[in-house]
Amino acid sequence: MIEKLGAVFTDLFTRYMPSAYVFALLLTIGMAILAFTWADASFFGILNAWYDGFWTLLSFGMQIILVIVTASCLAQSDVFDRLINWTIKRIKTPIQVYLSVFLIGSLLCLISFGMAVVSAIFARELAKRVKGVNYPFLVACVYASLGSWVTGASSSIALLLNTPDNFLIKTGVLSEVIPTSETLGSNLNLIMLLLLIIMGPILFLIIRPKSAEGKELNDLIVDKNSKALLSIKKEAETYKLSYRAVSDLLNNTSWLQSVVALMGVVYLVYYFYNNGFNLNFNIIIFGFLIVGLLLHMTPMRYTIAMKRASQNISGILFQYPFYAGIMGIMLYTDLGQKIGDLQSSMATLYNYPVLAYISGGIVNFAIPSAGGEFAVIGPNIIKVVQELGAGLPVSEVNAMIAKASMSIAYGESLSNMLQPFYLLIIFPVMALGVKLQARDVMGYFVIPFIILFILQSVILLWLPL
């Protein structure tokens with residue numbers, strides 16, 4: 001029955017789900033109408049909020065682009081190719097492909113959701129070499145595995161709460177940091193992690209399509225007659241002049257790039273020695289970059305790898321500003337406050353985690369960024385929790401705040417299954433040269449979303465602090 005329901009939802013999304021860009025346009029208009037009718041914002045007030053927000057994710061968008069291209073450069077190295085060849089000997093069937101991609105992706109994304117790019121590269125290579133893999137479903141497995149990031153080392157809300165002088169402390173919402181032992185190290189987070197890593201693959205194996213007819217990677221490639229690319233090493237040779245030249249010597253020497261890479265390695269050691277395993281986008285990008293320099297050896301080879309890795313990032317370049325504009329409407333009109341007031345009116349000492357969880361999921365459609373979303377609804381939810389916990393010990397109130405904050409994060413992460421925004425992270429890899437859209441993938445998430453939503457809600461209601 002579940003398999004048949006999955007097929008029905010897949011067909012519905014294929015028929016009615018627009019492209020990710022059209023989805024962003026519809027959300028823009030929807031949020032503008034909501035701000036006008038519910039938050040009583042003026043027409044030009046909405047336009048100003050939209051425009052002001054339009055540029056707030058430029059830094060984040062650039063970070064995403066650099067994660068994609070630097071990770072893709074790694075995947076084009078001979079070392080990665082040998083790793084794939086070693087792995088392929090042990091993965092023979094489509095089920096093994098789906099399961100390995102989901103589990104490996106989940107573990108990688110515990111480091112950072114930017115590691116989903118590596119999962120995507122791994123999955124695409126497997127799809128090339130294992131027969132019978134339904135490629136759109138494989139994309140869904142990669143995207144679903146991204147959900148574990150919220151329980152891992154780069155969970156932005158948990159890291160924010162533990163950051164000295166964060167905006168919550170500066171504005172007086174909190175008086176002290178909340179350590180990660182109460183968020184990422186809590187029993188609640190451990191249970192959520194196990195749920196995602198164990199239950200997630202089981203659900204996807206249950207709903208997997210039994211046929212891959214017309215859906216294998218080779219079936220979806222747009223130009224099957226295109227010539228195979230030269231290896232990066234061979235292409236680098238084609239740029240050389242027919243006679244000896246200093247320019248060729250510099251372009252193809254290894255010592256020059258190795259010296260710079262060594263400087264990067266020294267800094268990475270220095271950084272982790274002083275900061276511990278404190279990951280953020282910048283240090284991940286820097287690490288990918290330095291390792292890529294080492295693996296490709298010469299400036300010319302790394303330049304070619306970077307050029308190839310940058311071929312399919314247009315979706316991020318022009319869609320991120322639209323989502324930033326939607327975020328601006330939420331931030332700079334009273335729409336965010338209206339949502340907060342609605343939460344306050346319904347919260348009790350019993351249901352506040354689920355309300356925070358649902359709020360995180362709903363607001364994620366307008367602000368698909370955990371940090372940006374928390375900036376809008378986090379302060380109000382924390383104030384509600386503080387009011388509910390009046391008279392309780394400070395340690396217990398802090399535990400309630402940690403639980404509510406992580407509930408927002410879990411809701412945000414799960415609703416990504418119905419929000420195609422973060423497909424932009426893996427599509428530059430998995431949709432390159434392939435006839436594939438969001439509508440071909442999103443239908444696979446409905447059944448897992450419903451089941452995981454029920455299970456997570458029960459956990460939040462019944463698990464004690």
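Structure values in brief
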item	result
Selection count where residues are open to solvent by less than 60 Å² (accessible area, probe 1.4 Å), within 17 Å of Gly361 (Cα to Cα) and either assigned to a loop (DSSP other than H, G, I, E, B) or at pLDDT 80 or above (or both), scope the range 332-342	1
Whichever residue in the range 241-255 is of a type in the set (A, V, I, L, M, F, W, C) and part of a helix (DSSP H, G or I) and, among such residues, is least open to solvent (accessible area, probe 1.4 Å)	Leu250
Candidate set from the range 435-465 (those that are in contact (Cβ under 8 Å) with a residue 40 or more places away in the chain and not in a helix (DSSP H, G or I)); member that is surrounded by the fewest Cβ atoms within 10 Å (Cβ to Cβ)	Lys435
So Gly132, is it open to solvent by less than 40 Å² (accessible area, probe 1.4 Å) and not in a helix (DSSP H, G or I)	yes
Filter pass, Asn380 being under 20 Å from Leu161 (Cβ atoms) and modelled with pLDDT under 90	yes
Residues (within 18 Å of Ala120 (Cα to Cα) and at pLDDT 90 or above) located in the range 442-461	Tyr444, Phe445
Candidate set: the range 372-425, residues that are among the polar types (S, T, N, Q) and assigned to a helix (DSSP H, G or I); chosen: the one surrounded by the most Cβ atoms within 10 Å (Cβ to Cβ)	Ser407
Condition check for Asp52: part of a helix (DSSP H, G or I), of a type in the set (Asp, Glu) and either open to solvent by less than 20 Å² (accessible area, probe 1.4 Å) or more than 26 Å from Ala431 (Cβ to Cβ) (or both)	yes
Cross-chain or 6+ apart pairs with Cβ under 8 Å, the range 256-277 first and open to solvent by 100 Å² or more (accessible area, probe 1.4 Å), then assigned to a helix (DSSP H, G or I) and hydrophobic (A, V, I, L, M, F, W, C)	Tyr267/Phe286
Neighbours by Cβ (under 7 Å, 6+ apart or cross-chain): first from the range 83-108, open to solvent by 10 Å² or more (accessible area, probe 1.4 Å); second small (Gly, Ala, Ser) and assigned to a loop (DSSP other than H, G, I, E, B)	Pro94/Gly132; Pro94/Ala212
Subset tally (residues that are closer than 17 Å to Lys403 by Cα, in contact (Cβ under 8 Å) with a residue 40 or more places away in the chain and not β-branched (Val, Ile, Thr)) for the range 160-175	4
So Ser345, is it open to solvent by 10 Å² or more (accessible area, probe 1.4 Å) and without any contact (Cβ under 8 Å) to a residue 40 or more places away in the chain	yes
Options Tyr357, Tyr350: the member that is open to solvent by 70 Å² or more (accessible area, probe 1.4 Å), at pLDDT 85 or above and of a type in the set (Phe, Trp, Tyr)	Tyr350
Any chance Ser369 is within 25 Å of Thr56 (Cβ to Cβ) and open to solvent by 10 Å² or more (accessible area, probe 1.4 Å)	yes
Among residues of the range 171-215, those that are outside any loop (DSSP other than H, G, I, E, B) and open to solvent by 50 Å² or more (accessible area, probe 1.4 Å), counted	10
Failed item, numbered, when Thr37 is tested on (1) open to solvent by 70 Å² or more (accessible area, probe 1.4 Å); (2) among the polar types (S, T, N, Q); (3) closer than 22 Å to Pro368 by Cβ	(3)
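The values are calculated or read from the model by the stated rules, or taken from the named source; none is laboratory data. If you're wondering where the values come from, they're calculated on a predicted model, not measured in any experiment. Methodologically, a virtual Cβ is constructed for each residue, glycine included, from the backbone with ideal geometry; neighbour enumeration extends over all protein chains shown. Heads up: the accessible areas ignore ligands, DNA and RNA and are worked out on the full protein's heavy atoms, side chains in. Shrake-Rupley method; radii C 1.70, N 1.55, O 1.52, S 1.80 Å.
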